[in-house]
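**Student:** Structure provided below as structure tokens; questions to follow.
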Amino acid sequence: MRTDIFARLDREPEPPKIETPRMSRHRIALFGGTLAFYLAIVIAVLMSSWLVTLDWKVMLFRPYQQWPQIHAFLDYYVVLGQRGPTAVMVACWLGWRSWRQHTLRPLLTLGASLLLLNVTVGAVKYGLGRLGPHYATQIGSAELFAGGDIFPSGHTANAVVTWGILAYLAATPRARRYLSAMSAVVSLGVGLTTVYLGTHWLSDVVLGWAAGLLILLGLPWCEPMITRAENWIFAARERLSARSRLVPAPPVAVGNPQPVPAGQTAGQTTGQPAAAEAAAQSQVCPPVATGSRPAAVAVVTTATGSRPRAHTTPPAHQGHPARSERTPVTPAGSRRPPHADRTPRGGTTPARPVAGG
């Protein structure tokens, strides 16, 4: 019996009941208020209002020069807002949860949120085309429609969505509160870090917070689509499994010998007596001519109906007679009568007559 952690995890036959968030009135009110705040920030930047003036004041203050001792730490901390590393870390955790709970909802929810993030934030970024503080050309200007891509802040919005999705998928209210606080602290720190490093305006960070919160608040509207996608994936897996189970076995070629079960002989399998089979296998073709021994062909009839196999015996050496042609020798001498033309060993060869006198 296995006692490791994987054996304990596999004991759960059914996925647990996970409460899916719904678009309640409270959530709809928060979504509407956040959307109004989002539009107010965009309008304030477009009109070059006091918010743009505040952006320039913070930029000219140069926080990275005021507190240079924390610069090295914040260079690493800002990685918590980069899409690639954070998506990999969160996907690993949600992948383990998907395997543990026998559901694809955590991974599908993460994919849907990142897709919404890329579409919404990317469209506003390239639509407004705002330049960053390091590339600003005119003091007091909003630097819009100049080919930039920093408004809203992608690092900030990504931090809100990536770490906030953990709180969104929490299984208990207590875990949801703790994870919500953690994601808020991380996203707040990432946004302020970009302002400290001088890579974003303050208004970029504020709009990034609003953009990420809008995606988290609007995710319940995507739950029906996520459920349909999960059902389709599981149905496709079942179809593939059924096809693999219905694949026919490869056909057996006719005439090939079949395996005989243990404890049975070929004669017992086909009903032919063992003695008759042995007699059939011992039949050998008679020799064709006297002299050199021809190749003997043994015809073996198998019980499976395969073709007869020819066993060829190499011919005997020409200089020595075969064992069957040799004269048997007994203590009394040879049994074969002496040949008229042969001379015994050790005797004298008679003189041949000379022809022609």
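**Student:** Regarding segment 204-216, can at least one residue be identified that is open to solvent by less than 10 Å² (accessible area, probe 1.4 Å), out of contact with any Ser or Thr (no Cβ under 8 Å at 6 or more places or on another chain) and assigned to a helix (DSSP H, G or I)?
**Tutor:** For segment 204-216, residues open to solvent by less than 10 Å² (accessible area, probe 1.4 Å), out of contact with any Ser or Thr (no Cβ under 8 Å at 6 or more places or on another chain) and assigned to a helix (DSSP H, G or I): absent.
**Student:** Of the residues that sit in segment 64-98 and are charged (D, E, K, R) and closer than 30 Å to residue 234 by Cα, which one is farthest from the chain's Cα centre (by Cα)? First the steps, then the outcome.
**Tutor:** Of the residues in segment 64-98, the ones charged (D, E, K, R) are 75, 83, 97.
Add one more test, that the residue is closer than 30 Å to residue 234 by Cα, and what stays is 83, 97.
Working: 83: 24, 97: 18 Å.
Selected residue: 83.
**Student:** List, please: which pairs have Cβ atoms under 9 Å, are six or more places apart or on different chains, and start with a residue in segment 49-69 that is aromatic (Phe, Trp, Tyr) and end with one that is open to solvent by 80 Å² or more (accessible area, probe 1.4 Å) and at pLDDT below 90?
**Tutor:** 56/139
**Student:** Moving on. Tell me, please, whether a residue that is β-branched (Val, Ile, Thr), touching a residue at least 40 places away in the same chain (Cβ under 8 Å) and open to solvent by less than 50 Å² (accessible area, probe 1.4 Å) can be found in segment 147-156. So that I can check it myself, show each step before the final result.
**Tutor:** Looking only at segment 147-156, we keep the residues that are β-branched (Val, Ile, Thr), and these are 150, 156.
Those still in the list that are touching a residue at least 40 places away in the same chain (Cβ under 8 Å) too: 150, 156.
Then keep just the ones that are open to solvent by less than 50 Å² (accessible area, probe 1.4 Å); that gives 150, 156.
Yes, segment 147-156 contains a residue that is β-branched (Val, Ile, Thr), touching a residue at least 40 places away in the same chain (Cβ under 8 Å) and open to solvent by less than 50 Å² (accessible area, probe 1.4 Å).
**Student:** So, in segment 159-185, how many residues would count as being over 13 Å from residue 212 (Cα atoms) and among the hydrophobic types (A, V, I, L, M, F, W, C)?
**Tutor:** 10
**Student:** So, one more: Look through segment 164-190, keep the residues that are in a helix (DSSP H, G or I) and polar (S, T, N, Q), and return whichever of them is farthest from residue 80 (Cα to Cα). Working first, answer last.
**Tutor:** Filtering segment 164-190 down to residues in a helix (DSSP H, G or I) leaves 164-168, 173-190.
With polar (S, T, N, Q) added as a condition, the list becomes 180, 183, 187.
On the way: 180: 16, 183: 11, 187: 8 Å.
Here the residue is 180.
**Student:** Going residue by residue through segment 43-63, is there one that turns out to be within 45 Å of the chain's Cα centre (by Cα) and in a helix (DSSP H, G or I)?
**Tutor:** In the first step, residues of segment 43-63 are kept if they are within 45 Å of the chain's Cα centre (by Cα); the result is none.
No, because not a single residue in segment 43-63 is within 45 Å of the chain's Cα centre (by Cα) and in a helix (DSSP H, G or I).
**Student:** Say we look at segment 20-38 and pick out the residues that are part of a loop (DSSP other than H, G, I, E, B) and surrounded by fewer than 11 Cβ atoms within 10 Å (Cβ to Cβ); which of these is modelled with the lowest pLDDT? Lay out the reasoning, then the answer.
**Tutor:** Step one: list which residues in segment 20-38 are part of a loop (DSSP other than H, G, I, E, B), which gives 20-24.
From what's left, surrounded by fewer than 11 Cβ atoms within 10 Å (Cβ to Cβ): 22, 24.
On the way: 22: 80, 24: 87.
Here the answer is 22.
**Student:** Among the numbered criteria (1) more than 36 Å from the chain's Cα centre (by Cα); (2) without any contact (Cβ under 8 Å) to a residue 12 or more places away in the chain, which one does residue 172 miss?
**Tutor:** Checking residue 172 against (1) more than 36 Å from the chain's Cα centre (by Cα); (2) without any contact (Cβ under 8 Å) to a residue 12 or more places away in the chain, the one that fails is (1).
The rows are residues; the columns are (1) open to solvent by less than 60 Å² (accessible area, probe 1.4 Å); (2) within 29 Å of residue 137 (Cα to Cα).
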site	(1), (2)
42	yes, yes
48	no, yes
57	no, yes
74	yes, yes
84	yes, no
93	no, no
110	yes, no
119	no, yes
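**Student:** Could you identify the single residue in 131, 207 that is of a type outside the set (S, T, N, Q) and in contact (Cβ under 8 Å) with a residue 60 or more places away in the chain?
**Tutor:** Working: 131 fails: in contact (Cβ under 8 Å) with a residue 60 or more places away in the chain.
Going through 131, 207 in turn, the sole match is 207.
**Student:** Now, a different point. Conditions: (1) modelled with pLDDT under 95; (2) crowded, with 17+ Cβ neighbours inside 10 Å; (3) in contact with a Ser or Thr (Cβ under 9 Å, 6 or more places away or on another chain). Residue 140 meets all but one. Number of the miss?
**Tutor:** So residue 140 meets the others, but not (2).
**Student:** Quick check on my filter: what residues within segment 99-108 are open to solvent by less than 50 Å² (accessible area, probe 1.4 Å) and either assigned to a helix (DSSP H, G or I) or of a type in the set (Phe, Trp, Tyr) (or both)?
**Tutor:** Selection gives 101, 105, 106, 108.
**Student:** Taking the condition of being touching a Pro at 6+ places or on another chain (Cβ under 9 Å) and at pLDDT below 90, how many residues in segment 154-175 meet it? I'd like the intermediate steps shown before the answer.
**Tutor:** Keep residues of segment 154-175 that are touching a Pro at 6+ places or on another chain (Cβ under 9 Å), which gives 165, 168-169, 171.
Filter again for at pLDDT below 90, leaving 171.
Total meeting the criteria: 1.
**Student:** Of everything in segment 71-98, what is touching a His at 6+ places or on another chain (Cβ under 9 Å) and basic (Lys, Arg)? Give them in sequence order.
**Tutor:** 83
**Student:** For residue 198, all conditions in the list (1) on the phi < 0 side of the Ramachandran plot; (2) open to solvent by less than 30 Å² (accessible area, probe 1.4 Å); (3) touching a helix residue (DSSP H, G or I) at 6+ places or on another chain (Cβ under 8 Å); (4) of a type outside the set (Asp, Glu) hold save one; what is the number of the exception?
**Tutor:** The single condition residue 198 does not satisfy is (1).
The values are calculated or read from the model by the stated rules, or taken from the named source; none is laboratory data. As the structure is a computational prediction, the values presented were derived from the model and not from experiment. Cβ coordinates were reconstructed from backbone atoms using ideal geometry, including for glycine residues, and neighbour counts include every protein chain displayed. In case anyone asks, the SASA skips ligands and DNA or RNA and just uses the protein heavy atoms, side chains included. Shrake-Rupley method; radii C 1.70, N 1.55, O 1.52, S 1.80 Å.
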